[in-house]
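Visitor: Below you'll find the structure I mean.
The values are calculated or read from the model by the stated rules, or taken from the named source; none is laboratory data. Remember, it's a predicted structure, so these values are computed and weren't measured experimentally. Using ideal geometry, Cβ is built from the backbone for each residue, glycine included, and neighbour counts are taken over all protein chains shown. Protein only, heavy atoms only, side chains kept; ligands, DNA and RNA dropped before computing areas. Shrake-Rupley method; radii C 1.70, N 1.55, O 1.52, S 1.80 Å.
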Amino acid sequence: MQRIVRGVRHVATPYPVRDLPAGRHVELPGRGTTYVTDSGPKDAPAVFLLHSVLTTGLLCWYPSIPQLNGRYRVITLDQRWHGRGIQAEGFDLRDCADDVVALADVLGIDRFTAAGFSMGGGIAQLVWRRHPRRVSGLVLCSTGPFFSERDPHRRDRDARIGRILRPIYESLPRPSDASLDRPAKHTSIWATKQFLSTPLSHAGDFGEGLGNFDSSSWLRDIDVPTSVVVSTRDHTVEPERQQLLVDGIPGARRFDVDGGHACCVIGVENFLPPFVAAVDAVALESPVLVSGN
């Protein structure tokens with residue numbers, strides 16, 4: 001009941017959208033086009049904010065961006081099939097991780113902190129795994145070394161949902177760029193447009209991609225400063241699974257949030273202080289290296 005009450009309260013009085021950077025479409029050579037925001041001092045340490053499933057870069061991180069971009073260069077991108085992200089066959093978190101590095105190349109960023117929420121935390125781990133030289137630190141929020149979608153019954157359910165929703169989604173108009181960029185009178189209207197920009201018909205693909213992720217066997221190899229932000233009332237990625245990252249990654253530091261799985265937007269007042277502290281704990285330990293554009 002408390003979860004329902006919090007959800008209703010968030011819809012009625014959500015955290016306001018303010019001070020968001022303008023975004024743009026960016027071509028990643030040989031990969032496709034995605035939607036990117038890039039804010040903060042260009043010579044500051046770079047932090048890539050990687051979003052959760054069924055959200056967008058802005059929808060997941062809109063409260064956090066203004067908290068960071070005073071002293072960090074903050075980048076978001078829409079992951080594949082999310083929002084205005086790359087539309088390609090299938091959905092694989094490894095491709096998403098490679099897209100992050102491809103964007104860093106386009107932006108002239110050599111090394112960066114990868115901060116991910118839920119699915120984004122899995123992508124962040126894979127960015128380090130596949131491109132270790134590029135990652136100076138990790139911030140892993142409300143995530144773990146695997147997702148519940150590795151359960152074959154859950155993956156079958158997601159695939160069925162996708163098949164049911166595909167004809168419905170294809171018959172509905174998607175929000176236009178102008179609509180997504182236009183300020184709304186109420187945050188919930190803006191958030192609904194952001195949410196509807198991701199095709200729910202791909203739920204099966206998302207479930208398959210999440211189910212194929214498992215970092216358990218190589219957590220011990222992670223050798224960069226790492227913060228783990230644990231949502232202590234999480235019923236989607238339970239705290240015990242989040243703790244596996246703390247136990248498995250050498251030197252990882254834990255930061256607790258009194259919140260559930262959507263704490264980056266619902267009850268975000270409890271999320272922001274430990275999240276900013278978690279970013280500071282890793283991003284300020286490594287020198288910024290920026291290559292020429």
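Visitor: Measure off 7 Å from each Cα along the Cα-to-Cβ vector at residue 178 and residue 195, then give the distance between these two points in nanometres to one decimal.
Guide: 2.6
Visitor: Can you run phi through the Karplus equation (6.51, -1.76, 1.60; θ = phi - 60°) for region 79-85 and list ³J(HN,Hα) in whole Hz, with x for Gly and Pro?
Guide: My calculation for region 79-85 gives 5, 3, 6, 10, x, 9, x Hz in order.
Visitor: Now, a different point. Order these peptides, 209-222, 190-203, by their mean beta-carbon neighbour count within 10 angstrom, highest first.
Guide: Ranked by mean Cβ neighbours within 10 Å, highest first: 190-203, 209-222.
Visitor: Separate question: Going by average Cβ density within 10 Å per residue, which order do the peptides 95-103, 126-134 take, highest to lowest?
Guide: Packing proxy ranking, top to bottom: 95-103, 126-134.
Visitor: How many nm separate the modelled label positions at residue 133 and residue 256, each set 7 Å beyond the Cα in the direction of the Cβ?
Guide: It works out to 4.1 nm between the two label points.
Visitor: Another question, then. Among 267, 250, 237, which residue has its Cα furthest toward the positive end of the charge dipole of region 234-287, with +1 on Lys/Arg Cβ and -1 on Asp/Glu Cβ?
Guide: Projecting each Cα onto the dipole axis, the largest value belongs to 250.
Visitor: Report the calculated FRET efficiency for residue 232 and residue 188 (r = Cβ-Cβ distance, R0 = 45 Å), to the nearest 0.05.
Guide: E(calc), rounded to 0.05, equals 0.95.
Visitor: Dipole magnitude of region 29-92 about its Cα centre, charges +1 at Lys/Arg Cβ and -1 at Asp/Glu Cβ only, in debye to the nearest 20?
Guide: Roughly 160 debye for region 29-92.
Visitor: With every protein chain kept in place and ligands, DNA and RNA left out, what is the accessible area per residue of region 198-290? Probe 1.4 Å, answer in Å². Numbers along the way, then the final one.
Guide: On the way: 3720 Å² over 93 residues.
Accessible area per residue: 40 Å².
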